Each structure stands twice: as C-alpha cells, then as structure tokens.
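Take a look at the structure below.
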Amino acid sequence: MIVNMSRNATQEQIDHVVERIKECGYQAHVIRGAERTVIGAVGSNGRRSELEALQAAPGVEELVPISQPFKLVSRQLRQERTIVNVGGVPIGGEHWIVMAGPCSVESREQLLATARAVREAGGSILRGGAYKPRTSPYDFQGLGVEALELLREAREETGLPIVTEVMSTEDVDLVSDYADMLQVGARNMQNFPLLRRLARAEKPILLKRSPSATVKEWLLAAEYLLSGGNANVVLCERGIKTFESELRNTFDLAAIALAKELSHLPVVADPSHGTGRRIVIPAMSRAAIAAGADGIMVEVHPCPERALSDGPQSLDLKAFAQLMEELDRPERTRARATAKV
C-alpha cells in the first residue's frame, strides 16, 4: 500500500503514520519528494483493514494499492529515478556510464594495462573478476584475494572505482573491503541467502539477470535487496537463453526498456555476455543506450586470444577505444548518444 501524504503534512503526522503502519504489522518506507512525502507499507502478514483505516489519519491524502508483487522496486512507490553513487560515479539520471575491464584478473600487467586503457578511453568504472563461477571445475576460477589486491592497486593508480563479483555469503565482508560495488552474477540472481546478506552490506549492488529469469523475477530479486535495507541497486541485463545458436545468449533489449518502465532503479546492459560475439558488441552497445540503459558493461582484455576466460567476447584495447569514440564518450548526454544510433 502507498500512503500519499498531503503537501502540508507535518513531521508529527508523518511519524504518526509510520508508527501506525508498524503497529499494523507492515514495514514502513518513507520517501521524501520535492513536493510531498510518500510512505510505502510493505508486507503480507499485517492487518490490512487497520491499514486501510489510515485514510482517516491527519495529513493523509490518499491510499493507493501497489499492483506489482515487487513493491519497493516499483515506480508506483517512487516516481523519481534512483541515482546510485559508485565511488563518486553516479549511475542513473541524465548521463550514462561505461564499466569495462577483463572477465578475470589474470596478472598485474594484464589488469593495469587494461585499467589505464579504460581510463584513457573515457570509461567510468573498472570491472574485473576475482572469483569466477565456471561451468567446468577444470576452468580458471580466478585469483581470489590476490586479484582483489590488484584491483585495489588499479583503483589507486587510475582513480577508477571497481566492481567485482561476490559469490557467497562468506565472501561479502572480504570483497566489500576492496570493491566499490558488489556484483551478483547471473547464476546467483536467486541465491536468496546471498541477497539477504547483501541487503545489509554498505556497498552498492550490481544485480545481473539470470539467463532463464523473467523481468518480474529479476525485479523480485532486487526487492530482496531493497526490503532488507540496501536501496543502492543497479540492474544489469546480460542476455537470456533462447533457441538461437549463433550467439551465446539473446540480448534482450526490450527488457531494458521494460525494467525502466516498471522500476525506478538504474539499468545497465552487458552486451559482452548478452551476445558472446565481439563483432556485434559496438552495435548492441549503441542499441542498449537507445533503449534507455543508464550505462553499458563490456569485457576488455589486452590480448583476447590469450584470455583465460571469455576471450571470444572481449574487446582488445584498440577496439574498446574505438567503441568509446562511437558512443561519443560517457560524459555526453543520453539524448546525444541516442541520436548517433
């Protein structure tokens, strides 16, 4: 339920409504806008009839049911778009950003060369995997803590914030000590113990869509994070499984536009995983921005043919610089970027 307070509602009246919502067995989430305060009453085991009686409370203008199963994520509750700050880089709003870096951190030379190239080309955030979930137990699994140390060094040299994946509840505190943003990989989108733990983390979360998940399931996964107390969530579209066999995944551009329509959270797109083919990454990057994405996330490697993971979908440093030129650099407005597509 959404409780719309009147424009002239006092703080005392707002506090009273919050207290009554809690007494009815619901969580109260206060959203202060430029013109009025909105309070979300979220939960399923409360006393709904008593909640509906809040229509008569002083300062309440109206009560509006939330039609979607995801409540805090919904634009019904929050019309104003959320902007998530990652190490000084805002994601959401008028400007779009680029996250780039290797799938896996393999060595100091590889990572620093990539980080320097990402910064020089105009990238905003450095991505890199320290722990890698791999389909085969024999594939490279990442360098772990050594990779986290290298990511920290790259941030100190280039000034780029870093985003890296966290795979288990036991690793949250450790990875949080190094990273500016914690990534939930596609395989873990519905790892609910991990989501509940990350909801208590004091770092922004990048939530990747599972290749088999609907948009609703994706947004409900984000609801776990917001309902647990972490509002700094960025959604990431990275392709879904279909009958198409020429691409690693099918890059769901419509999902970007739909997620932006249904939710106030920022949405970024990963055309590297979304396609698995470096040749189509520039076109899909432009298309994602045109569809409304708040940024893109691409894999970059100094020598993709020697990459220990995801070489076929990684851009080399020259190709990444060319992509950034085509996108007209992330400091440009979305309108200008869209016009180039």
Give the number of residues within the stretch 118-134 that are over 13 Å from PRO161 (Cα atoms) and either assigned to a helix (DSSP H, G or I) or basic (Lys, Arg) (or both). 4
Of (1) in contact (Cβ under 8 Å) with a residue 60 or more places away in the chain; (2) more than 22 Å from the chain's Cα centre (by Cα); (3) in a loop (DSSP other than H, G, I, E, B), SER44 fails just (1)
Identify the single condition in (1) of a type in the set (Ser, Thr, Tyr); (2) at pLDDT 95 or above; (3) not assigned by TED's automatic domain parsing to the domain that holds GLY229 that THR114 does not satisfy, given that it satisfies every other one. (3)
Is there any pair linking a residue in the stretch 22-34 that is of a type in the set (A, V, I, L, M, F, W, C) to one that is exposed (fewer than 15 other Cβ atoms within 10 Å of the Cβ), with Cβ under 7 Å and at least six apart or on different chains, and which? CYS24/ARG47; CYS24/GLU50; ALA28/LYS22
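A quick yes/no check of all residues on (1) modelled with pLDDT under 95; (2) crowded, with 23+ Cβ neighbours inside 10 Å:
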residue	(1), (2)
ARG127	no, yes
ARG134	yes, no
ARG155	no, no
LEU194	no, no
LYS216	no, no
Tell me, which residue of the stretch 69-117 that is among the aliphatic types (A, V, I, L, M) and assigned to a loop (DSSP other than H, G, I, E, B) is nearest to GLU305 (Cα to Cα)? VAL105
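The values are calculated or read from the model by the stated rules, or taken from the named source; none is laboratory data. A quick note: this is a predicted structure, and the numbers were derived from the prediction, not measured. Positions of Cβ are backbone-derived with ideal geometry, glycine not excepted, and every protein chain shown enters the neighbour counts.
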